[in-house]
Every structure is written in structure tokens, then in C-alpha cells.
Amino acid sequence: MPDGLKGPSSSELLSQAQNRLIEHLQASEKRYEDLVGHLRDVVFHLDLALKWTFLNQAWHGMSGYSIESSLGQHFAENLSEQDTQKCTEGFQALLNKQLIEISEEVTFNTAENDKRIFELSCRAVRDETGQFAGFAGIITDITERIAAENKITFMAYHDALTGVANRRLLMEHLAQELTKPCRYCSALLYIDLDNFKQVNDHYGHTVGDLLLCEVSDILSEYIQDEEDLVARMGGDEFILFLSNLGENSALVTQELEQITERIRVQLSKPVLLGKLKIQITSSIGVVILDHATMSHSDIFKYADAALYHSKNTGKNQVRFYDEELEQSERRRHQLEDELSQAITNEEFLLYYQPQVDAEGTNILKAEVLLRWQHPKHGIVNPDEFIPHLEEYGLIIPVGKWILEESCRQLKVWHNAGKSELCLSINVSANQFKHPDFIEFIEICLIKHQINGEQIELELTEGVAIHDIPSTIRKMDRLQELGIRIALDDFGTGYSSLSYLKHLPINTLKIDQSFVQGLPHDGYDAAIVETTMVMAHHLGLTVVAEGVENRVQLAFLKKQQCHLYQGFLFSQPLNVDHFSKLIL
Ligand SMILES: Nc1nc2c(ncn2[C@@H]2O[C@@H]3COP(=O)(O)O[C@H]4[C@@H](O)[C@H](n5cnc6c(=O)[nH]c(N)nc65)O[C@@H]4COP(=O)(O)O[C@H]3[C@H]2O)c(=O)[nH]1
């Protein structure tokens, strides 16, 4: 081969290859530096002495320290002792090959003296000989992420309005408390504001909200231990959980009596909300926890029962769950079960008491009276069980049955020839308020082909006590159906006269308590006389209830009472006896 055409020598080829390799390495290093230099996270290397040997640009922005001043420094500068220990143990675990990667959350004190939360993740690195040479990894600033997570967790466990714990946190807290062996007593206070709805109705929800915040603040003042908790259960119901109250249960009860009384008094003081001065009271139910025997749900059941008793016996008071209350609860549940059974087993029946004219000969109407044929106790009178039907909400199904059965039976009597007979049916306030009430009556009238004119509904003042306009609307609708409305127990309420002015009423029933004293009791006589005069002026029919003797009858006749009801004429009768009487 001629000299001029001779190719590069092998040493030249080697040098060219080396140069290409160097260029390639430089380009690769440059790419790595560019990449690492622009990362938002810190990329680091630590030697085995745990000193920084490499930090990228992000270090300055994240820590506030220059890279130059930090290189050669121990990693634990600006970390707490606890975090340092945690990381050192992690590094050791990497060297011991117990872990291949660690990730630790640490609080870093920046050059601006700011506390930031860093997440440090790394692995151990080896040198060319395969020996461990240090650690390489990244540091991410997770302060904002942690804050957001904390916020979400807080929102999931706290009440948005008041900031106190919510039901979920309380439940978890309580579950945890119950797993602990208990030497020191703890207690749960169930606090309910009395008549809070009226605050919302009168002053609006903004004021109601402010009041709830105020109550939360007051209750929070009673937190003494880190295991104590205030929670809002929703609406106007709060829980105060007090732990570590002491070992001696008698002393604890005594202390709790003082604490709860202080809370009750404090909550009943007027509160200034802007320019408004608002006063409200509270009812409190208290359970002292027995970790050995009470479950989570028992505690709430008992607290609820104690609160219920405190509300039911006049509100604005504290009631502890004790043995006496336990027994009364048992009786209450038994009665509730029995009453529910009574509906299923059709143990209710209707009695009928005649209302007669002045001659006492014509039965124009009859009052329908409910009875309970108790399997053990025989016939039970309504005063003994109607309040309980109301309490358990059972008056709605039972009331519907009364209406339906009255219409059915009335049709039977009409068909048997007593076509003029009317029935007067008692309706409780809750029944009247029920949204289906009018519709249900309409269905009964149609189903049993009864004219509205042959039904009278006996209502008490309690029916209209909260919402007169809605009561009037319902009464107007009933009258459009031809149904008459009687005001029962007239004279026993507080505002009978004002009721008469507003409500579309057809009949007044003079309460038997006034009839009893006639004619000798001057007060009763005056009430009856005045009622009669007024009723005549207003064109109302008057029925006297509880007429037991001829002297009472004579007095009432003189006052031109329209109808008479009482033992003088007949006791309330079951359907067979009443049928015999009228047919
Ligand atoms: N001492 C005396 N008492 C007399 C005389 N005549 C009638 N009575 C009694 O007086 C009560 C009259 O019924 P009320 O005032 O509507 O008072 C009723 C009414 O408020 C309620 N009630 C009865 N049945 C029903 C019902 O079906 N639904 C609802 N919601 N309440 C009812 O229970 C209350 C008591 O009913 P009862 O025990 O049946 O008592 C009845 C009746 O038996 C008398 O001459 N002397």
C-alpha cells in the first residue's frame, strides 16, 4: 500500500476512541448536571461519615444555605436530635443490608429559621471495588403537602362550624379509651340545648350558629386532660368526655355533680351575640363509664336515656344514669314493646259514649274513646297509655286505626238504620300535625262512604300552640269536607279566648272539671255561665262533659247547653253494648 494511503495507526485509533469516549462522558455528565441542576428536589450524596459530598442547586432554595457552606458538613446540622437518630439508624440499616432503601420524614430548620418538613429518601452506594462508599438520594420539601393532609384530616374529624371534635372523632376516641384498662373513672356528658329551634326561628340561623360556637367555647373550658374531648354530635347536641377523674367512684360522682351543675348554670346565663342578648338553658345526661361492662353503644344508650329523663322532667337539669334510671328505662322499653305488640296483635278497641239532647232521650252523637285490652291487665284506660303512644310516635299508626275503625263502624250503624248518628273522634296534636292527616281522613270518608258532616274531630288547644296559620289552613280544609271541629277540655288551657277568635271551631266541650262543681262551686258556675253566653254569641254548639247527676243537668239546661255527655246517661260502652243502646 502506498505511504500516502496508509490508514491511522493503532495508537491513533486508540486515542480517537478515547476522545470519543471522553466527549461522550462529558456530554453525559453535562446532561446529568442539567437534569439534576434543574430538579426542584435536592439530589445528594453523603459519605460514610454522613457528610454531604454532593448537593444540587435545589439545596440552596430549599434549605437557605449555600451549597459551598454545606458540603463537608454533617447531615444532622439543623435537624432535631430525634430526627438525627431516626436517620442514622436508617443509614445503618442500609449498610447492614437490612433495608435497600429508607425514607424518613424530618423537620429541618432553614437558614431563615423556618421549620420545614423534608422527606429524605436514599440508598447506599458502592465504589468501583464494590465497597459501600456512602449514600445517594433525594430530599423533597413536603411541608405544604403535610399541611394539606393535616387540614383534610382535621376536617374529617372536626365540626366545620365550631371546630370541636365531630361524631367520628368522638367514636374513635371512645373506642380507644375503652381498650385501656381503667383505674381512673371517666364520664360522658350528653348536653342538649333546650328549645334551640326557637333561637333559630326567632333570630335566624346566623345567630343560632354563633350561639353553638359560644357553647363549644364554654364546654372546651372544662377540658383538663389531654384525653378529654368536646364533640358536637350535630344540631344542638354536644358531648363532653372527661377522663382520669380519679379512682374513688363516690368522690368522682361528687366532683361530676359539681362540674355538671357549673356547666348547667354557665350555659343558662345570657349570652351577648352582637347586640343581641340570648338566654338558653340546657339538659344534661351523665354516664360514668365502666370499662369492664359497658360497650361503646351502651354508653351512648345510657347517656341518651339520662338526657331524655332530664328533658322529660322539666329540662334545664342534670341527670345521672344510675340504677333507678336503669330500672325506669327497662320499664319504659317494656311498655314500648307492649304497645308495639298491641298494634300488631290488635289489642286496641273503641268504646263509645253517647252525647244526648236536653231531654236525655235522643243520642245524636257519641264520643269515640280508645281502650287497650291488655293481655294481662285487662281493659286499660287511655290516660295510662296515650302519653306513651305519643312519646314513642305510635300515636300516628294508632290514630289512623282509630279514624278508620270509627268510620267503618259508623257506616255499620248507618246501614242498620241509625243514619243520623255522628261520631266525635279525639285527635292528638301530633296526629293533627302529621302531613298525611287530611289526606288520610279524605280516604277514610270515601272508603266507608261517610259524609264529613257526620264526623267531628275533638282537638285540644295544644294542636295550634306553635303554628296558628297552618292549623287554620288545615281546619278550613276539614270544614270544606263538612267535618266539624270541637275544642276539647275548654277552659283548662291558658289562651282559650284568643283561640276562639282565631280558629274556625264549631263546638266547645266544657271540661268535666267545671261540671263537677255545679251548681254550688261559684267559680265553676261562673266559668260555665260565661262560656255559655260567649258560645251563644259566637254561634257555637256546647257539649257539657262529665254530667253525673240531675242537679248538674238542671243547671246546664238553664244555661241552654246543647248536648250532654256523662255517667248520668251512660258510661263509655263497647261496640256491642252501644249497638244495643242505639238500635
Ligand atoms: N268522672 C267522669 N268521667 C267521665 C264522665 N263521662 C265521661 N267521662 C270520661 O271523660 C273522658 C272524656 O274524654 P276526653 O275529655 O276527651 O279525654 C280523653 C281523651 O283526651 C283521651 N282519649 C280517649 N280516647 C282517645 C283517642 O281515641 N285518641 C286520643 N288522641 N285521645 C283519646 O283520653 C282521655 C280520657 O279518656 P277516658 O278515660 O275514656 O275518659 C273519658 C270519659 O270516660 C263522667 O260523667 N264522669
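Here are a few things to note about the model shown:
- Any pair with Cβ under 6 angstrom, 6 or more apart, that starts in region 427-442 at a residue that is in contact (Cβ under 8 Å) with a residue 24 or more places away in the chain and ends at one that is among the β-branched types (Val, Ile, Thr) and within 13 Å of the ligand (Cβ to nearest atom): Ser428/Ile395; Ala429/Val463; Asn430/Ile395; Gln431/Ile395; Phe432/Val463; His434/Ile396
- The set of residues in region 507-530 being away from the ligand (no atom under 16 Å from the Cβ), not in a loop (DSSP other than H, G, I, E, B) and not aliphatic (A, V, I, L, M) consists of Gly522, Tyr523, Glu529, Thr530.
- Residues in region 541-553 that are more than 20 Å from Cys422 (Cα to Cα) and more than 10 Å from the ligand (Cβ to nearest atom) were compared, and the one that is most open to solvent (accessible area, probe 1.4 Å) is Arg550.
- Test: Ser470 is farther than 19 Å from Gly539 by Cα, in a helix (DSSP H, G or I) and among the hydroxyl-bearing types (Ser, Thr, Tyr): yes
- Residues in region 379-392 that are open to solvent by 20 Å² or more (accessible area, probe 1.4 Å) and more than 9 Å from the ligand (Cβ to nearest atom): Ile379, Pro387, His388, Glu391, Tyr392.
- If you go through region 393-406 and keep only what is over 12 Å from Phe432 (Cβ atoms) and either aliphatic (A, V, I, L, M) or away from the ligand (no atom under 13 Å from the Cβ) (or both), you end up with Gly393, Leu394, Val398, Ile402.
- Of all residues in region 272-290 being aliphatic (A, V, I, L, M) and over 30 Å from Tyr302 (Cβ atoms), the one that is least open to solvent (accessible area, probe 1.4 Å): Ile278
- Some residue of region 90-102 being open to solvent by 90 Å² or more (accessible area, probe 1.4 Å), over 18 Å from Leu55 (Cα atoms) and in contact with a strand residue (DSSP E or B) (Cβ under 7 Å, 6 or more places away or on another chain): yes
- Scope region 348-359; condition modelled with pLDDT of 95 or more and either β-branched (Val, Ile, Thr) or open to solvent by less than 30 Å² (accessible area, probe 1.4 Å) (or both); matching residues: Phe348, Leu350, Tyr352, Gln353, Pro354, Gln355, Val356
- For Glu420, the criteria (1) open to solvent by less than 50 Å² (accessible area, probe 1.4 Å); (2) not in a helix (DSSP H, G or I) hold in every case but one, which is (1).
For every residue, the table says whether it meets (1) within 22 Å of Ile102 (Cα to Cα); (2) at pLDDT below 90; (3) of a type in the set (Val, Ile, Thr); (4) crowded, with 16+ Cβ neighbours inside 10 Å.
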{"position": "Leu5", "(1), (2), (3), (4)": "no, yes, no, no"}
{"position": "Glu29", "(1), (2), (3), (4)": "no, yes, no, no"}
{"position": "Glu33", "(1), (2), (3), (4)": "no, yes, no, no"}
{"position": "Asp41", "(1), (2), (3), (4)": "yes, no, no, yes"}
{"position": "Trp59", "(1), (2), (3), (4)": "yes, no, no, yes"}
{"position": "Ser66", "(1), (2), (3), (4)": "no, no, no, no"}
{"position": "Cys87", "(1), (2), (3), (4)": "yes, no, no, yes"}
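- For first residues located in region 142-163 and over 30 Å from Asp41 (Cα atoms), partners that are open to solvent by less than 50 Å² (accessible area, probe 1.4 Å) and β-branched (Val, Ile, Thr) and lie 6+ apart or on another chain with Cβ distances below 9 Å form the pairs His158/Val164; Thr162/Val215; Thr162/Val230.
- Residue in region 180-199 that is out of contact with any strand residue (DSSP E or B) (no Cβ under 9 Å at 6 or more places or on another chain) and among the small types (Gly, Ala, Ser) present: no
- Some residue of region 515-522 being touching a strand residue (DSSP E or B) at 6+ places or on another chain (Cβ under 6 Å), over 18 Å from Gln431 (Cβ atoms) and open to solvent by less than 60 Å² (accessible area, probe 1.4 Å): yes
- Residues satisfying the stated conditions in region 291-323, i.e. buried (at least 20 other Cβ atoms within 10 Å of the Cβ) and basic (Lys, Arg): Arg319
- Checking each residue in region 437-456 for being within 16 Å of the ligand (Cβ to nearest atom) and either in contact with a helix residue (DSSP H, G or I) (Cβ under 7 Å, 6 or more places away or on another chain) or open to solvent by 50 Å² or more (accessible area, probe 1.4 Å) (or both) picks out Phe437, Phe440, Ile441, Cys444.
- Exactly one residue out of Leu538, Leu556, Leu568 is of a type in the set (A, V, I, L, M) and open to solvent by 70 Å² or more (accessible area, probe 1.4 Å), and it is Leu538.
- Some residue of region 343-352 being closer than 30 Å to Glu257 by Cα, of a type in the set (Asp, Glu) and touching a helix residue (DSSP H, G or I) at 6+ places or on another chain (Cβ under 9 Å): no
The values are calculated or read from the model by the stated rules, or taken from the named source; none is laboratory data. Remember, predicted model here, so these are calculated numbers, not experimental data. Glycine gets a Cβ as well: all are built from the backbone with ideal geometry, and neighbour counts include every protein chain shown. For the accessible areas, the whole protein counts, side chains as well, though only heavy atoms, and no ligand, DNA or RNA atoms are used. Shrake-Rupley method; radii C 1.70, N 1.55, O 1.52, S 1.80 Å.
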